[in-house]
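The values are calculated or read from the model by the stated rules, or taken from the named source; none is laboratory data. Everything numeric here is computed off the predicted structure, so don't read it as measured data. FYI the Cβ positions are ideal-geometry reconstructions off the backbone, even for glycines, and counts take in every protein chain you see.
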Amino acid sequence: MNLAPMNLVTDAWILLMIYWLVSALTAKRIKYVAPSHVRITQLLFLVPGCMVLFGDRFRIGVLRIPVLPNAIAVADLGIGIAFAGIAFAIWARYCLGSNWSSAVAIKEDHELIQSGPYRWIRHPIYTGILAGAWGTAIVVGQLGAFFGVILITLGLAYKGRQEELRLRGVFGDSWAVHEQRTGMFLPRLR
(Lines give C-alpha, C1' and ligand atoms only; values in the text may rest on other atoms or scores of the structure.)
Protein backbone atom coordinates (compact mmCIF):
# COMPACT_ATOMS: atom_id res chain seq x y z
CA MET A 1 0.00 0.00 0.00
CA ASN A 2 1.33 3.40 -1.00
CA LEU A 3 1.12 5.84 1.93
CA ALA A 4 0.49 9.00 -0.12
CA PRO A 5 -2.98 7.90 -1.37
CA MET A 6 -3.87 6.68 2.12
CA ASN A 7 -2.82 10.03 3.59
CA LEU A 8 -5.19 11.80 1.17
CA VAL A 9 -8.06 9.51 2.13
CA THR A 10 -7.29 9.92 5.84
CA ASP A 11 -7.35 13.70 5.44
CA ALA A 12 -10.80 13.47 3.84
CA TRP A 13 -12.08 11.40 6.79
CA ILE A 14 -10.60 13.94 9.21
CA LEU A 15 -12.44 16.71 7.34
CA LEU A 16 -15.67 14.77 7.75
CA MET A 17 -15.05 14.36 11.50
CA ILE A 18 -14.32 18.08 11.91
CA TYR A 19 -17.54 18.95 10.06
CA TRP A 20 -19.42 16.47 12.26
CA LEU A 21 -18.09 18.01 15.47
CA VAL A 22 -18.79 21.59 14.43
CA SER A 23 -22.28 20.89 13.07
CA ALA A 24 -23.21 18.84 16.16
CA LEU A 25 -23.20 22.10 18.11
CA THR A 26 -26.46 23.11 16.40
CA ALA A 27 -28.32 19.82 16.94
CA LYS A 28 -31.71 19.91 18.64
CA ARG A 29 -32.16 18.51 22.12
CA ILE A 30 -32.84 14.79 22.36
CA LYS A 31 -36.38 13.77 23.27
CA TYR A 32 -35.85 9.99 23.08
CA VAL A 33 -32.73 7.87 22.79
CA ALA A 34 -32.75 4.15 22.06
CA PRO A 35 -31.74 1.74 24.82
CA SER A 36 -28.02 1.19 25.36
CA HIS A 37 -28.14 -2.34 23.89
CA VAL A 38 -28.92 -0.77 20.50
CA ARG A 39 -25.78 1.38 20.61
CA ILE A 40 -23.67 -1.51 21.94
CA THR A 41 -24.87 -3.84 19.17
CA GLN A 42 -24.03 -1.35 16.41
CA LEU A 43 -20.63 -0.65 17.98
CA LEU A 44 -19.85 -4.40 18.04
CA PHE A 45 -19.76 -4.15 14.24
CA LEU A 46 -18.59 -0.58 13.67
CA VAL A 47 -15.57 -0.50 16.00
CA PRO A 48 -13.86 -3.70 14.73
CA GLY A 49 -14.80 -2.72 11.17
CA CYS A 50 -13.08 0.65 11.51
CA MET A 51 -10.11 -0.92 13.27
CA VAL A 52 -9.33 -3.30 10.40
CA LEU A 53 -10.21 -0.75 7.71
CA PHE A 54 -8.07 2.08 9.07
CA GLY A 55 -5.58 0.32 11.36
CA ASP A 56 -2.75 -1.43 9.59
CA ARG A 57 -1.70 -3.12 12.83
CA PHE A 58 -5.12 -4.78 13.11
CA ARG A 59 -4.81 -6.43 9.70
CA ILE A 60 -2.85 -9.52 10.69
CA GLY A 61 -2.44 -12.93 9.09
CA VAL A 62 -4.85 -13.49 6.20
CA LEU A 63 -6.25 -9.99 6.68
CA ARG A 64 -3.00 -8.67 5.15
CA ILE A 65 -3.44 -10.60 1.91
CA PRO A 66 -3.43 -8.15 -1.02
CA VAL A 67 -6.57 -8.49 -3.14
CA LEU A 68 -5.93 -5.55 -5.46
CA PRO A 69 -2.78 -4.54 -7.32
CA ASN A 70 -0.69 -1.78 -5.78
CA ALA A 71 -1.13 0.45 -8.85
CA ILE A 72 -1.66 4.17 -9.29
CA ALA A 73 -4.91 3.64 -11.23
CA VAL A 74 -6.34 1.49 -8.42
CA ALA A 75 -5.31 4.05 -5.78
CA ASP A 76 -6.82 6.88 -7.85
CA LEU A 77 -10.08 4.97 -8.19
CA GLY A 78 -10.20 4.40 -4.43
CA ILE A 79 -9.41 8.05 -3.69
CA GLY A 80 -12.16 9.19 -6.07
CA ILE A 81 -14.75 6.87 -4.52
CA ALA A 82 -13.70 7.83 -0.98
CA PHE A 83 -13.84 11.57 -1.73
CA ALA A 84 -17.22 11.27 -3.48
CA GLY A 85 -18.65 9.23 -0.60
CA ILE A 86 -17.38 11.60 2.07
CA ALA A 87 -18.68 14.62 0.13
CA PHE A 88 -22.07 12.90 -0.19
CA ALA A 89 -22.13 12.21 3.58
CA ILE A 90 -21.33 15.87 4.30
CA TRP A 91 -24.12 17.02 1.97
CA ALA A 92 -26.59 14.63 3.61
CA ARG A 93 -25.52 15.75 7.08
CA TYR A 94 -25.98 19.38 6.02
CA CYS A 95 -29.50 18.65 4.73
CA LEU A 96 -30.45 16.83 7.94
CA GLY A 97 -29.47 19.91 9.91
CA SER A 98 -30.38 20.08 13.58
CA ASN A 99 -32.30 16.77 13.41
CA TRP A 100 -29.03 14.82 13.36
CA SER A 101 -27.86 12.65 16.23
CA SER A 102 -24.96 10.24 16.52
CA ALA A 103 -27.23 7.88 18.47
CA VAL A 104 -30.54 6.36 17.45
CA ALA A 105 -32.66 9.21 18.80
CA ILE A 106 -35.70 11.36 18.27
CA LYS A 107 -35.17 15.10 18.69
CA GLU A 108 -37.50 17.74 20.07
CA ASP A 109 -39.59 19.03 17.15
CA HIS A 110 -38.09 16.31 14.97
CA GLU A 111 -38.73 16.85 11.26
CA LEU A 112 -38.93 14.26 8.51
CA ILE A 113 -36.38 15.54 5.99
CA GLN A 114 -37.25 14.68 2.40
CA SER A 115 -35.05 17.13 0.52
CA GLY A 116 -31.53 16.86 -0.84
CA PRO A 117 -30.40 13.23 -0.97
CA TYR A 118 -33.27 12.28 1.36
CA ARG A 119 -35.54 12.55 -1.71
CA TRP A 120 -34.09 9.26 -2.91
CA ILE A 121 -32.40 7.57 0.06
CA ARG A 122 -33.55 7.16 3.67
CA HIS A 123 -30.00 7.00 5.09
CA PRO A 124 -27.77 8.98 2.71
CA ILE A 125 -25.21 9.74 5.42
CA TYR A 126 -24.64 5.99 5.72
CA THR A 127 -24.51 5.71 1.94
CA GLY A 128 -21.74 8.30 1.85
CA ILE A 129 -19.85 6.66 4.71
CA LEU A 130 -20.09 3.27 3.01
CA ALA A 131 -18.86 4.67 -0.31
CA GLY A 132 -16.01 6.36 1.57
CA ALA A 133 -15.23 3.07 3.30
CA TRP A 134 -15.22 1.15 0.00
CA GLY A 135 -12.90 3.76 -1.52
CA THR A 136 -10.61 3.48 1.49
CA ALA A 137 -10.57 -0.32 1.19
CA ILE A 138 -9.62 -0.02 -2.48
CA VAL A 139 -6.70 2.24 -1.55
CA VAL A 140 -5.58 -0.20 1.18
CA GLY A 141 -6.07 -3.15 -1.17
CA GLN A 142 -5.90 -5.83 1.54
CA LEU A 143 -8.48 -8.46 2.46
CA GLY A 144 -8.86 -7.07 5.99
CA ALA A 145 -9.91 -3.65 4.70
CA PHE A 146 -12.78 -5.21 2.74
CA PHE A 147 -13.73 -7.32 5.76
CA GLY A 148 -13.84 -4.06 7.73
CA VAL A 149 -16.26 -2.56 5.19
CA ILE A 150 -18.53 -5.59 5.55
CA LEU A 151 -18.59 -5.13 9.34
CA ILE A 152 -19.28 -1.40 8.95
CA THR A 153 -22.11 -2.19 6.51
CA LEU A 154 -23.68 -4.60 9.00
CA GLY A 155 -23.40 -2.04 11.81
CA LEU A 156 -24.96 0.75 9.75
CA ALA A 157 -27.72 -1.53 8.45
CA TYR A 158 -28.60 -2.47 12.04
CA LYS A 159 -28.52 1.17 13.15
CA GLY A 160 -30.61 2.23 10.14
CA ARG A 161 -33.28 -0.37 10.91
CA GLN A 162 -33.41 0.80 14.53
CA GLU A 163 -33.82 4.42 13.39
CA GLU A 164 -36.59 3.42 11.02
CA LEU A 165 -38.53 1.72 13.83
CA ARG A 166 -38.48 4.97 15.81
CA LEU A 167 -39.22 7.21 12.82
CA ARG A 168 -42.15 5.01 11.81
CA GLY A 169 -43.58 5.52 15.30
CA VAL A 170 -43.15 9.30 15.16
CA PHE A 171 -44.21 10.03 11.57
CA GLY A 172 -46.67 7.19 10.85
CA ASP A 173 -48.20 7.48 7.37
CA SER A 174 -45.72 10.17 6.28
CA TRP A 175 -42.89 7.76 7.04
CA ALA A 176 -44.66 4.92 5.21
CA VAL A 177 -44.94 7.05 2.06
CA HIS A 178 -41.29 8.14 2.37
CA GLU A 179 -40.21 4.52 2.87
CA GLN A 180 -42.13 3.38 -0.24
CA ARG A 181 -40.51 6.10 -2.35
CA THR A 182 -36.92 5.70 -1.16
CA GLY A 183 -34.32 3.01 -0.72
CA MET A 184 -32.43 2.41 2.50
CA PHE A 185 -28.89 3.03 1.18
CA LEU A 186 -29.48 3.34 -2.57
CA PRO A 187 -32.28 4.96 -4.57
CA ARG A 188 -35.27 2.68 -5.13
CA LEU A 189 -35.52 1.39 -8.68
CA ARG A 190 -38.94 1.99 -10.16
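When the residues of the stretch 110-132 are narrowed to those that are in contact with a strand residue (DSSP E or B) (Cβ under 9 Å, 6 or more places away or on another chain) and of a type in the set (V, I, T), which ends up surrounded by the fewest Cβ atoms within 10 Å (Cβ to Cβ)? The qualifying residue surrounded by the fewest Cβ atoms within 10 Å (Cβ to Cβ) is I121. Pairing each residue of the stretch 54-66 that is over 10 Å from G148 (Cα atoms) with any residue that is assigned to a loop (DSSP other than H, G, I, E, B), provided the two are 6+ apart or on different chains, yields C-beta distances under 7 Å for P66/G141.
From the list P117, P124, the one residue that fits, being more than 24 Å from D76 (Cα to Cα), under 15 Å from the mean Cα position of the chain (by Cα) and at pLDDT 95 or above, is P117.
Does any residue of the stretch 24-38 turn out to be within 19 Å of the chain's Cα centre (by Cα), under 25 Å from I79 (Cβ atoms) and β-branched (V, I, T)? No, because not a single residue in the stretch 24-38 is within 19 Å of the chain's Cα centre (by Cα), under 25 Å from I79 (Cβ atoms) and β-branched (V, I, T). Per the conditions (1) out of contact with any helix residue (DSSP H, G or I) (no Cβ under 8 Å at 6 or more places or on another chain); (2) surrounded by fewer than 17 Cβ atoms within 10 Å (Cβ to Cβ), the sole criterion not satisfied by L154 is (1).
Of the residues making up the stretch 71-93, those that are more than 14 Å from the chain's Cα centre (by Cα) and not hydrophobic (A, V, I, L, M, F, W, C) number 3. Considering only residues that are hydroxyl-bearing (S, T, Y) and farther than 18 Å from A157 by Cα, look in the stretch 92-109 and name the one that is surrounded by the most Cβ atoms within 10 Å (Cβ to Cβ). The qualifying residue surrounded by the most Cβ atoms within 10 Å (Cβ to Cβ) is S98.
In the stretch 54-63, of all residues being out of contact with any strand residue (DSSP E or B) (no Cβ under 7 Å at 6 or more places or on another chain) and part of a helix (DSSP H, G or I), the one that is nearest to I129 (Cα to Cα) corresponds to F54. Going residue by residue through the stretch 90-105, is there one that turns out to be within 28 Å of L3 (Cβ to Cβ) and in contact with a Leu (Cβ under 9 Å, 6 or more places away or on another chain)? Checking the stretch 90-105: at least one residue is within 28 Å of L3 (Cβ to Cβ) and in contact with a Leu (Cβ under 9 Å, 6 or more places away or on another chain).
Cβ separations smaller than 7 Å between residues 6+ apart or across chains give the following pairs from the stretch 167-190 residues that are exposed (fewer than 14 other Cβ atoms within 10 Å of the Cβ) to residues that are assigned to a loop (DSSP other than H, G, I, E, B) and of a type outside the set (V, I, T): S174/L112.
Looking across the stretch 34-53, the residues that are more than 15 Å from A133 (Cα to Cα) and touching a residue at least 12 places away in the same chain (Cβ under 8 Å) come down to A34, V38, R39, T41, Q42, L43, L44.
I'd like to check something: does the stretch 166-185 contain any residue that is under 28 Å from A73 (Cβ atoms) and touching a His at 6+ places or on another chain (Cβ under 8 Å)? Yes, the stretch 166-185 contains a residue that is under 28 Å from A73 (Cβ atoms) and touching a His at 6+ places or on another chain (Cβ under 8 Å).
Residues of the stretch 64-109 that are touching a strand residue (DSSP E or B) at 6+ places or on another chain (Cβ under 6 Å), part of a loop (DSSP other than H, G, I, E, B) and small (G, A, S): A103 alone.
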